[in-house]
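Q: This is the structure I want to talk about, given as structure tokens.
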Amino acid sequence: MLDDTDRRLLRLLQSDPDVPISDLAERCRLQPATATRRLDRLTRQGILRGHRAVIDWTKLGYAVEVSLRFTLDKTQPRAFDEFQAEARKIPEVIAIQTFLGRVDLRLSIVARDMADYQRLYRDSVLTLPHIADIEALMHVATIKTAETLPL
């Protein structure tokens with residue numbers, strides 16, 4: 001599926017997503033048009049999903065991050081779909097993940113401070129449908145965030 005040149009392109013993009021196409025092509029010993037065609041193909045195949053901004057939420061005034069783990073009332077046939085649809089509407093939710101096991105879903109939420117989090121929890125989180133149980137984990141520090149994979 002991927003040849004060595006594709007892997008090299010992806011490795012370089014992982015290490016420096018802002019590298020100009022001309023530099024990327026030169027490092028891979030390709031013509032810029034060839035590098036562009038390869039990246040377009042990787043995008044069409046869904047391997048390269050695009051470039052993204054990584055935001056430091058604390059710089060924007062969000063000092064609190066909480067991971068909320070939910071167990072849903074699974075006796076309701078549409079519990080997952082309805083919960084997810086409503087959770088997507090909360091602007092402070094920065095991630096939604098589903099799991100197999102005791103925990104069904106996890107929301108990552110940012111808030112400006114504890115008072116803001118309490119307001120958000122009362123006014124938005126507790127109104128989400130089909131909640132059977134909630135566990136809150138207060139984020140203290142990020143030790144490692146893997147932004148790259150070995151290719």
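Bear in mind that the values in this text are calculations on the coordinates, not laboratory data. Note that the structure is a prediction, hence the values are computed from the model and not measured. Glycine also receives a Cβ, built like all others from the backbone with ideal geometry; neighbour counts cover every protein chain displayed.
Q: Roughly speaking, what is the centre-to-centre gap between region 39-90 and region 100-138 when only Cα atoms are used, to the nearest Å?
A: 14
Q: On a 0 to 90° scale, report how tilted helix 4-15 is relative to the longest principal axis of the chain, with both axes built from alpha carbons and the result rounded to the nearest 10.
A: 50
Q: Still on this model: Stretch residue 45-residue 73 to full length: gain in nm at 0.36 nm per residue minus the Cα-Cα span?
A: In short, 6.4 nm is gained.
Q: Now a separate question. What angle do you read, to the nearest 10 degrees and between 0 and 90, between the alpha-carbon axis of helix 114-123 and the longest principal axis of the chain?
A: Roughly 70 degrees, rounded to the nearest 10.
Q: A further question on this structure: Give the range of the longest stretch in the chain that excludes all trypsin sites (Lys or Arg not before Pro) found in loop regions by DSSP and having at most 12 other beta-carbon atoms within 10 Å. List each step's numbers first, then the result.
A: Working: sites that count: 29, 49, 52, 74, 78, 89, 102, 144.
No qualifying site falls inside 103-143, the longest such stretch.
Q: Let me ask another. How long is the chain along each principal axis, judged by its Cα atoms, biggest number first, in Å?
A: For the chain, the Cα spread along each principal axis is 56, 38, 25 Å.
Q: Ok, one more. Using helices alone, I'd like the mean residue ellipticity at 222 nm for the chain: each DSSP H run of four-plus residues gives -39500 (n - 2.57), total over residue count, nearest 500. Working shown, then result.
A: Details: 5 runs with 52 residues, N = 151.
For the chain, the value works out to -10000 deg cm²/dmol.
Q: To make sure I understand, if each residue's beta carbon is the centre and we count other beta carbons within 10 Å, what order do 5, 145 fall in, fewest to most?
A: Working: 5 14, 145 6.
Ordered by Cβ neighbours within 10 Å, fewest first: 145, 5.
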